[in-house]
1. Pick out, in residue order, every one of the GluC sites (Glu not before Pro) in the stretch 23-100 that is DSSP loop and has at most 13 other C-beta atoms within 10 Å; say none if there are none.
2. For the pair R110/E15, report the inter-label distance in nm, with labels modelled 7 Å from Cα in the Cβ direction.
3. Quick one: dipole size for the chain, taken about the Cα centre, charges +1 on Lys/Arg Cβ and -1 on Asp/Glu Cβ, in debye to the nearest 20.
4. Hey, quick one: spin label on T87, modelled 7 Å out along Cα-Cβ, who in the stretch 43-74 has an amide N within reach, i.e. under 12 Å?
5. Tell me the relative contact order for the chain as a rounded percent, counting alpha carbon contacts under 8 Å between residues six or more apart.
6. Assuming a ≥ b ≥ c are the square roots of the Cα gyration tensor eigenvalues, decide whether the stretch 61-142 counts as rounded (a/c under 1.5), prolate (otherwise, with a/b larger than b/c) or oblate.
7. Please state, rounded to one decimal and in Å, the Kirkwood hydrodynamic radius that the stretch 8-139 gives when every pair of distinct Cα atoms enters the mean of 1/r.
8. At most 16 other Cβ atoms within 10 Å and a DSSP loop assignment: could you name the trypsin sites (Lys or Arg not before Pro) in the stretch 1-92 that fit?
Amino acid sequence: MQIMGQEQYIEFAIEEERYAIPIQDIFEIIKIQDITQIPNVTSYVEGVINLRGKIVPVISLRSFFGLREKENSKLTRIIVVHHQEDTVGVIVDCVNKVTTFTDIQPPPERIGGIEGSYFVGIGLTDNGIVGVLKLNEILLHD
């Protein structure tokens, strides 16, 4: 989905930081729901959900980025993304809006303690900067 040649993104937050994912990678956004834990998985894999009969793994970006744990709130969402042949849920603190960027700058080596390799770049908006995530790098991380 694009408007006048500009790619659209879903902007969301973890803690006070703002991030974005291209809207074409997103299947849907759902409220947090019961997650079935799976033994012997990486710490940032929260478990799986049953999404209308399809079992979908769910990861926590908060845990992936090494941020402190936080209780889910009524604003917590799962962004369900298509990645290669799979569907994956990504837990975020809240979803802000659909946005576009006037410019995306290359990422620095580190962004607030997070490796720059997880970012496509830094999107510039009238309200500040937004880290545009490189989903492939995050979802294929060991």
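1. E69, E71, E85
2. 1.2 nm
3. Values: 12 positive and 20 negative charges, 80 e Å.
The dipole of the chain has a size of about 380 debye.
4. Only 49-57 pass the distance filter.
5. Relative contact order here is 25 percent.
6. Verdict is rounded for the stretch 61-142.
7. Values: mean 1/r = 0.0662 Å⁻¹.
Its Kirkwood hydrodynamic radius stands at 15.1 Å.
8. Working: sites: R18, K31, R52, K54, R62, R68, K70, K74, R77; in loops: R52, R68, K70, K74.
Answer in residue order: R52, R68, K70, K74.
We did not get these values from a lab; they are worked out from the coordinates using the rules stated. Note that the coordinates shown come from a computational prediction; the quantities given were computed from them, not determined experimentally. Counting neighbours? That spans all protein chains shown, and the Cβs are built from the backbone with ideal geometry, glycine included.
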